[in-house]
Structure formats: C-alpha cells, structure tokens
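The values are calculated or read from the model by the stated rules, or taken from the named source; none is laboratory data. Because the structure is predicted, anything quoted here is derived from the model rather than measured. Using ideal geometry, Cβ is built from the backbone for each residue, glycine included, and neighbour counts are taken over all protein chains shown. Accessible surface is based on the protein model in full, side chains and every heavy atom, while ligands, DNA and RNA are left aside. Shrake-Rupley method; radii C 1.70, N 1.55, O 1.52, S 1.80 Å.
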Amino acid sequence: MSERIVTLPGSTDQFVLTERPAPTLTDRYRPLPDGMDHTHLTVVPAHQVGTGDVVVAFFTDGPGIRYAEHTPEAFTAHPRPLGTCPEPCEECEDTSAYGAATDRYLCLEPADDYADCVIAFRSTPVAIVPADTAAKYPPLDSVPPLPDLFTLDDGEHGPYEALPVPRAWGPWQTISVTRDTAEQIASDLPTTHAGRHLTVRWLGDALVIDSDPHLPTPTGPGRPARLIEPDADGRYRIGGLWRWEEWSVPSCPVCSTATEPVDVEGERVWRCTAPDCTRRTYGTADPDDDDALPSYSETDADGATIVYHGTGEVDIETTAELAAQDGPDEDEQDAE
C-alpha cells in the first residue's frame, strides 16, 4: 500500500495518508468516485474544512507519526455550529449532555435520515479532498452504497445483504434484498429459531411464508400466508415475521479481539487477528458449536507439520505422531 506523509504548519506531527481500504465483510469502506484517491488528499484542522470539501479520514492520536483512519463513507462537508442539526441527532445530544463548550467543537456534516452528524474539535486534523479538486471527479453518490448486513438468531445465519436502512428503522420492519439473498433466507429459515414455526416455499417469483395454524407465531394463529412478490427492481422486502439483527464481525471467544473470515473446507470460519492467538470460531452465540470446526495443519519455519483442532488448539497427539513418522529411520540409525 502506497503512502504519503504530510505535515501541518505549526505542528511537528507527521500525517500518513494511505490508500482507501477495499470493502470486505470486515472493512466496510465505501469506495471513492472513479479517479479520486489518496494522492488528492491534504490535511487541515477541522475549522478550516470548507463547504464542498470531501472528508475522507481522521487520524490516530499524536504526537508523532499519525496514521489515517478512513471514514466508512467519505462525505461532502457542510460545516455548521454545534447543536444546529436539522434532524434529531444522538451525537449532538450526547455532546451537549457532557457539557461541551460549543465554541470548541463544530459539526462537519449535519444528521440526515441515514446517519448522525459528524462532530470534531476545531483543531482536529482532517484529511480532505479540497472542493475545487473534488469538482473534477464524479460526485460521491455516483458510487453505489455498500449494503447493510443482517442476520438471524444472533449471528447464527447470514449475513444477508440489504439496501441501507434509515436510522429510524426497527428490527421488525422489512429489509430489501435481491432474489439470490431471498433464496438464501428461504433456505436458512426452517433451520433457525426464528423460523421454527414457519414454512417457506416459492410460488413462481413470489416467496410464500406460512405459519402453523395451530401455534401462536409472529404471523398469528390461523393467519393466511405472507406473499412476498418482487418489486419493480426485482427486490424482495422481507420482514415483520421475526426480529432482524444487524450483523457484525464476531469477536474472539478467548481474547475478544476482532476476527477475520477464512474459508475452511467450504465453510466460513472466523479466526482471531491477535498475533499471539490461534483461536477460530463459527461466530455463533453458542460456543459448543465450535467443537465441530474442521481441523487443519500448518508447517513451521523448520518444516515440521503442526496439526490443530478446529478451535485453534494444537493437537499434540497427532502432531507427535507425524513427527515420529518424519523422524530418521531406525535401520538407517543402526547402520550409522
């Protein structure tokens, strides 16, 4: 990854500007418009950010070398005094609750239906694409938004990609998904706790979700089936029958560090990112599920094979057996 180091007048800190991370399941960064990249960034204190500047990143704490921390979504700045958001905003409420002096802060972007406002100290260093430079490239909204991720049963199924939902969205409301995602939900639902009293079938292009007429379920005893047809864009709005959970990256069951995905024998597994931890997990709410993780092996610096249980613990017995098999032949030792 290429880097640029810049400075601010009156500061001895060095600000490291990096390429914007590619979006993955664990790193949810919406790309910049085509042609716009970190070579167009400059660093200014927050009070010098102007209307039309594109805010891309903030920085790690100083003093010294400070690395860019990219915002999940770059945004076009509309600076305004703190506490003047046109929409109800938790960020403004929390800042006011702590008795912050309004003259020490400013709002770089007011709240809207989808995001809270962005509040910063006036002296906070900010990486921006200046407005006159940004005007030479496509607008930010030319890049499709990253989908929101949802799950069933507290992370045991999914994640399912859906169009972004507004801040006022509730877990019993619908999410908008593609046909492929609707098929995955339909396949998973009968195996979930949420869908234990529901049946799912396809009727042409329509998804039919029905309930057992003799049991109290979210659809109600004896209520007719829910027929979900594709909208004009071919998307399915599914909800109201169970509680959606927002999906997040599982944490390590041992040290609580964030995990990263890895595919093992066709399965999605999550491994701890801490350098001294080998723990792996399915990321479900039930730790007993991890007992079924497939085992794996690695080769160390000396060429020896180390076998691990699926959870990341060394399989001492199997590793020792392999070491014995790879040892010198007894007849060869006698000959020597």
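A prolate overall shape is assigned to region 125-208, the ratio a/c of its alpha-carbon gyration tensor axes (a ≥ b ≥ c) being 1.5 or greater and a/b exceeding b/c. Shape call for region 13-83 from the C-alpha gyration tensor, a ≥ b ≥ c root eigenvalues: rounded (a/c under 1.5), prolate (a/b greater than b/c) or oblate? The shape class here is oblate.
Shown is the FRET efficiency for Glu69 and Asp205, computed with R0 = 41 Å from the Cβ-Cβ distance and rounded to the nearest 0.05: 0.40.
For the chain, the solvent-accessible area with a 1.4 angstrom probe is 57 square angstrom per residue. Only Lys, Arg, Asp and Glu carry charge here, each on its Cβ (+1 for the first two, -1 for the last two); on that basis the chain has a dipole of about 2640 debye about its Cα centre.
From the alpha carbon centroid of region 273-322 to that of region 19-61 is 38 Å. Between Glu90 and Arg196, the simple spin-label model (points 7 angstrom out along Cα→Cβ) gives 3.0 nm. For region 239-285, the dipole from Cβ point charges (+1 on Lys and Arg, -1 on Asp and Glu) about the Cα centre works out to 120 debye, to the nearest 20. Note down the relative contact order for the chain as a percent, whole number, built from C-alpha pairs under 8 angstrom at least six residues apart. Once normalised by length, the contact order is 11 percent. Take the alpha carbon gyration tensor of region 34-150, find the square roots of its eigenvalues, order them as a ≥ b ≥ c, and report rounded if a/c is under 1.5; if not, report prolate when a/b exceeds b/c, else oblate. Cα axes put region 34-150 in the oblate bin.
Measuring r between the beta carbons of Arg104 and Ser248 and using R0 = 25 Å, the FRET efficiency lands at 0.20.
Note on the chain: antiparallel DSSP beta bridges, both residues inside, total approximately 95 percent of the bridges counted.
For the pair Ala292 and Ala225, the difference between a 0.36 nm per residue extended length and the Cα-Cα distance amounts to 20.5 nm. Taken about its Cα centre, region 124-281 carries a charge dipole of about 300 debye when Lys and Arg each add +1 at the Cβ and Asp and Glu each add -1 at the Cβ. Between the residues Phe150, Thr18, Thr84, the greatest Cα displacement towards the positive end of the dipole of the chain, with unit charges on the Cβ of Lys, Arg, Asp and Glu, is found for Thr84.
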